[in-house]
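What follows is a single structure, written as structure tokens, with notes after it.
The values are calculated or read from the model by the stated rules, or taken from the named source; none is laboratory data. From a predicted model like this one, the values you see are computed outputs, not experimental measurements. Note that we place each Cβ from the backbone using ideal geometry, even for glycine, and neighbour counts take in every protein chain shown. When the accessible area is computed, the model is the full protein with side chains, heavy atoms only, and any ligands, DNA or RNA have been set aside. Shrake-Rupley method; radii C 1.70, N 1.55, O 1.52, S 1.80 Å.
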Amino acid sequence: MLHLILGRAGSGKTEYLYRLAETQVRAGGTVTLLVPEQGSFDCERAMLHRLGPQDVRRAEVLSFTRLGDQVGRAYGGFAGRRLDDTGRALFMSLALEQVRDRLVLYRKSVENGDFIGLLLGMSAACKMGAVAPDKLAAAAAGLPGALRSKTEELALILDAYDALVAESYLDPLDDLSRLAQQLHRHPFFDGRTVLLDAFKGFTAQEFEVLDAVIAQSADCWISLCMDGLADTQPGALFANVRKTARRLIDCARRHGVPVAAPVVLEPGARFRTAALAAVEAHLFRSDGAPGCADDGSVRLVSAANKYEESAWIAAE
């Protein structure tokens with residue numbers, strides 16, 4: 001079953017999931033917590049503090065990278081020479097030479113050294129967006145004029161690049177796509193309880209992984225920073241997060257996974273003063289904010305540049 005935990009900043013989403021994990025472990029079960037790379041240490045420390053050195057072994061904390069390592073050790077598919085930035089530049093140069101005679105619009109750019117960097121950036125963006133060269137070529141068919149030609153040539157270059165890399169190397173940028181493929185082949189999360197916390201959103205590659213997580217797990221709990229699922233006008237605060245929530249719900253329904261009613265937490269649990277709560281509630285809204293007494297908890301400081309700003313923060 002898919003469970004969504006919704007709430008604005010400071011509403012207690014992380015605390016809610018930590019309590020859920022603690023309850024599950026105390027009852028003799030196990031949980032997997034999936035968090036961003038930079039938050040894994042804090043999550044592990046929190047679980048150790050709550051559960052102790054014995055029970056904490058049943059609360060596994062993973063990032064997408066560490067999940068890939070575990071799945072690779074269990075099922076393979078991740079062994080090989082790893083590509084680095086220098087290797088990417090060399091392979092892209094070889095790919096350009098390979099398809100040079102088939103280029104029209106980009107033929108002059110082949111001699112430009114900066115062109116390789118631009119192509120590598122485009123390749124990274126396509127991989128993060130789970131857009132393979134064949135999808136790019138298919139999309140080009142519906143584009144007009146020069147844009148169609150540019151897209152077709154870009155797809156041609158990226159396809160040659162990927163083929164050259166695949167002959168002898170593994171590109172770390174493809175790790176999440178490989179992870180998703182392995183998860184769809186093997187029931188790694190079968191029957192598990194999985195908790196996802198502190199993500200601001202997900203890339204297309206991460207959504208491919210979550211597709212398998214939601215389909216396989218017994219219960220999947222995901223926290224999202226938003227104030228509810230109700231539709232608002234495009235561009236409104238939390239509009240992008242609502243799109244994420246709808247995509248997760250669509251994924252669950254596509255696999256026949258039940259979707260529980262969302263848990264919506266009341267805002268302001270973290271803030272001890274009315275002024276801080278007012279800043280959280282209205283800072284990024286365009287509808288104005290009610291007056292609030294100055295209690296000294298909020299200060300507005302203007303710095304000449306980012307170095308002065310950093311020095312002031314460090315001094316404070």
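Can you tell me how many residues in the range 108-146 are among the β-branched types (V, I, T) and either open to solvent by less than 40 Å² (accessible area, probe 1.4 Å) or not in a loop (DSSP other than H, G, I, E, B) (or both)?
First, the residues of the range 108-146 that are among the β-branched types (V, I, T): 110, 116, 131.
Among the residues that remain, those that are also either open to solvent by less than 40 Å² (accessible area, probe 1.4 Å) or not in a loop (DSSP other than H, G, I, E, B) (or both) are: 110, 116.
Residues that pass the stated criteria total 2.
Looking only at the range 290-316, how many residues end up being hydrophobic (A, V, I, L, M, F, W, C) and either open to solvent by less than 70 Å² (accessible area, probe 1.4 Å) or not in a loop (DSSP other than H, G, I, E, B) (or both)? Spell out how you get there, then give the answer.
Let us first name the residues in the range 290-316 that are hydrophobic (A, V, I, L, M, F, W, C), namely 292-293, 298, 300-301, 303-304, 311-315.
Now narrow it down to the ones that are either open to solvent by less than 70 Å² (accessible area, probe 1.4 Å) or not in a loop (DSSP other than H, G, I, E, B) (or both): 292, 298, 303, 311-315.
The qualifying residues number 8.
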Exercise. Starting from the range 159-175, keep only residues that are β-branched (V, I, T), then list their pairs with residues that are surrounded by 15 or more Cβ atoms within 10 Å (Cβ to Cβ) and not in a helix (DSSP H, G or I) whose Cβ atoms are within a distance under 7 Å, requiring at least 6 positions of separation or different chains.
Key: V165/L83; V165/D171
Practice problem: Run M1 past the list (1) touching a strand residue (DSSP E or B) at 6+ places or on another chain (Cβ under 7 Å); (2) open to solvent by less than 20 Å² (accessible area, probe 1.4 Å); (3) of a type in the set (A, V, I, L, M) and report the number of the one that doesn't hold. | Solution: (2)
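Which residue out of A59, A74 is over 18 Å from I222 (Cα atoms), of a type outside the set (D, E, K, R) and either open to solvent by 80 Å² or more (accessible area, probe 1.4 Å) or over 18 Å from the mean Cα position of the chain (by Cα) (or both)? Break it down into steps so the answer makes sense when it comes.
On the way: A59 fails: over 18 Å from I222 (Cα atoms).
Answer to the selection: A74.
How many of the residues in the range 84-107 are in contact (Cβ under 8 Å) with a residue 40 or more places away in the chain, hydrophobic (A, V, I, L, M, F, W, C) and open to solvent by 40 Å² or more (accessible area, probe 1.4 Å)? Write out each step before concluding.
Residues of the range 84-107 that are in contact (Cβ under 8 Å) with a residue 40 or more places away in the chain, as a first pass: 87-88, 91-92, 94-96, 98-99, 102-106.
When the remaining residues are screened for being hydrophobic (A, V, I, L, M, F, W, C), the result is 91-92, 94-96, 99, 103-105.
Those left that are additionally open to solvent by 40 Å² or more (accessible area, probe 1.4 Å): 94, 104-105.
Count: 3.
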